[in-house]
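Presented below is the structure to which this report refers.
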Amino acid sequence: LAPLRQPWRSPGAPQALFSFPAPRWPVECEVIPETIEHIEWVPPKPEPFCPPMGQEQALCTLGEEQGTVVYHSSPALQGSCFTCARVGGAPGPLSSPAAPLEGPQDTTLLFESRFESGNLQKAIKVGPYEYVLMLRPDLYTAKHTQWFYFRVQNTRQEPLYRFTIANMAKPKSLYGQGLRPLFYSQQDAQSCGIGWRRVGTDVCYYRGSAGEPPLFRLSWTMRFPHDGDTCFFATGYPYTYSDLGRYLRALAADPARSRYCTVRALCRSLAGNTVPLLTITSPGGTAGKRVVVLSARVHPGESGGSWAMRGFLDFLLSPHEDAQLLRRLFVFKVVPMLNPDGVVVGNSRCSLAGRDPNRAYGKALPGSFPGVWHLRAMVQRELAEREVVLYCDFHGHSRKNNVFMYGCDGGGDGTGTRLRQRVFPLMLSKNAPDKFSFSSCKFQVQKSKEGTGRVSMWRLGVSHSYTLEVAFSGSTLAGRSSHFSVEDLESLGCLLCDTLLDFCDPAPAKLQQCLVEADALLQRRMDRGPGSGGSWSDVSPSELESSTSGSDSSVSDG
């Protein structure tokens, strides 16, 4: 068992040895013994958004009180906080949360979510082929219901099924703008090599309950491709703690890549899971090199961040000449999964502390938020020795399409400094015109965001500190109106590398061009003519942009 309190090392100092054992679960959580793995697959053509349905078009769905509970799995939390963990979760025999079938003619679906990153608390059968579903809130909280990932068995090919998730937390969602759920068929994977794909017609997102706080409903209809199949549904392409472990073990065993990449444990999580730290640079010392720090999955339900991070690592560790140049120029410090406990248990937002770790950077204690505490301490140590040229934290966004960034414009700096804050995102938009939206970027530092990684690193002295937001859905740019594939997400990592080279190019042409363009965009936003000569030092960030659309947490965190 991993106790809540552990002996801590000096701030930010990684452990000398790296290991990646099986995931540790809170002892309240039951875990099935099967290993859940999925093949990787890219659709032959982009998957379009579905026509969104308005609330007035939502089909009538019976309430759970009029149906039969066919699955109910809820951890028996012993009190309101995490106490201890073990490999395999709860000891002893497993319970049977699914109602048994009455015979071969029983068409009831068999649900299961007690596996890594799974989330489904209850399924109620309200019609022959219609189910109302309830998600489990983040452990040790009563909120943050957004991420889902569950298995269904005993499927039938002919009927039209309808699923309604009845306790979504956010008032707005990309499901109301054409986003469709992800679906995986085991038979299709084995026989045709087809992996995760988008499914669903009549997709609708609407307010369900009249109580406070209000709950929202996501519903869709679909037909299964096979009888007797084993299938999965998910919010985003799952990327589990075990997936990361397999990736890092392969990396450590590769004699070529391990020459310039070391993998250590930044710290251990509350449950005793490893928070890995990768240091990537060319052999031969680090003298004169600047530092780039990247992190992902502080919010466990934002799995797209892991795929973008994997694309970044794949490119940076490749023999490509640009990757070699980056390794010669910089020391990269990468934390690919800041909140492994949340990822393991299938949380949407929180760690096992029952809080959002991305609001804890300013006040985090190592015993409550070890990942963010040690990351911040590591950056402090690096800043004492050399320049940290960039910090970027990879996230997902459930309410806005495309890819965009949040930066830090505190309003007190000179015109040049404030314009330069906008250069890196502007360059990225030029390198990824079909994915990245510069007009969606925000730079205002709101008081409610002081505890985020982005603002905390900026306050420490990292002059270019960003959150990279990747939509749960896809792109509406350059003629696209389609979902992101895994290939799209991974390409963002490569594009980030390209942009870093542009941003740090010793030849000033690209930088100067983007500074002029950023100035013109701001002049236009302020209704000033180009070249008017107005100083931005007296213009507040709130005047430069709308403050009504912030990070993906602004609705649910209050």
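The values are calculated or read from the model by the stated rules, or taken from the named source; none is laboratory data. Just so it is clear, the model here is predicted, and its values are computed rather than measured. Backbone-built Cβ (ideal geometry, glycine too); neighbour counts: all protein chains shown. Heavy atoms of the whole protein, side chains included, go into the accessibility calculation; ligands, DNA and RNA do not. Shrake-Rupley method; radii C 1.70, N 1.55, O 1.52, S 1.80 Å.
Points worth noting:
- Among the residues of segment 187-199, not one is under 23 Å from Gln146 (Cβ atoms) and either out of contact with any strand residue (DSSP E or B) (no Cβ under 9 Å at 6 or more places or on another chain) or modelled with pLDDT under 95 (or both).
- Verdict on Gly396 being small (Gly, Ala, Ser), open to solvent by less than 10 Å² (accessible area, probe 1.4 Å), in a helix (DSSP H, G or I) and closer than 30 Å to Ser473 by Cβ: no
- Val388 meets all of the listed conditions (1) crowded, with 21+ Cβ neighbours inside 10 Å; (2) more than 30 Å from Pro506 (Cβ to Cβ) but one, namely (2).
- Test: residue in segment 162-170 that is farther than 22 Å from Ser398 by Cα, assigned to a strand (DSSP E or B) and out of contact with any helix residue (DSSP H, G or I) (no Cβ under 8 Å at 6 or more places or on another chain): yes
- Scan of segment 404-436 for residues that are small (Gly, Ala, Ser) and either modelled with pLDDT under 95 or open to solvent by less than 10 Å² (accessible area, probe 1.4 Å) (or both), ordered by number: Gly407, Gly410, Gly411, Gly412, Gly414, Gly416, Ala432
- A search for C-beta distances below 6 Å between a residue of segment 352-370 that is among the aliphatic types (A, V, I, L, M) and any residue that is open to solvent by 20 Å² or more (accessible area, probe 1.4 Å), counting only pairs 6+ apart in sequence or on different chains, returns Ala353/Ser368; Ala360/Phe369; Ala364/Trp373.
- Within segment 484-501, restricting attention to residues that are open to solvent by less than 30 Å² (accessible area, probe 1.4 Å) and either at pLDDT below 95 or not hydrophobic (A, V, I, L, M, F, W, C) (or both), the residue that is farthest from the chain's Cα centre (by Cα) is Thr499.
- Of the residues making up segment 100-128, those that are part of a loop (DSSP other than H, G, I, E, B), more than 25 Å from Tyr239 (Cβ to Cβ) and in contact with a strand residue (DSSP E or B) (Cβ under 6 Å, 6 or more places away or on another chain) are Thr108, Leu109.
- Enumeration of residues in segment 329-382 that are among the polar types (S, T, N, Q) and touching a Pro at 6+ places or on another chain (Cβ under 8 Å): Asn339, Asn347, Ser348, Ser351, Gln380
- Restricting attention to segment 235-267, the residues being assigned to a loop (DSSP other than H, G, I, E, B), out of contact with any strand residue (DSSP E or B) (no Cβ under 8 Å at 6 or more places or on another chain) and over 20 Å from Val87 (Cβ atoms) number 5.
- One residue stands out in segment 15-39 among those that are among the aliphatic types (A, V, I, L, M) and open to solvent by 60 Å² or more (accessible area, probe 1.4 Å): the one that is modelled with the highest pLDDT, namely Ile39.
- Qualifying positions in segment 268-309 - among the hydroxyl-bearing types (Ser, Thr, Tyr), outside any strand (DSSP E or B) and within 30 Å of Glu28 (Cα to Cα): Ser269, Ser303, Ser306
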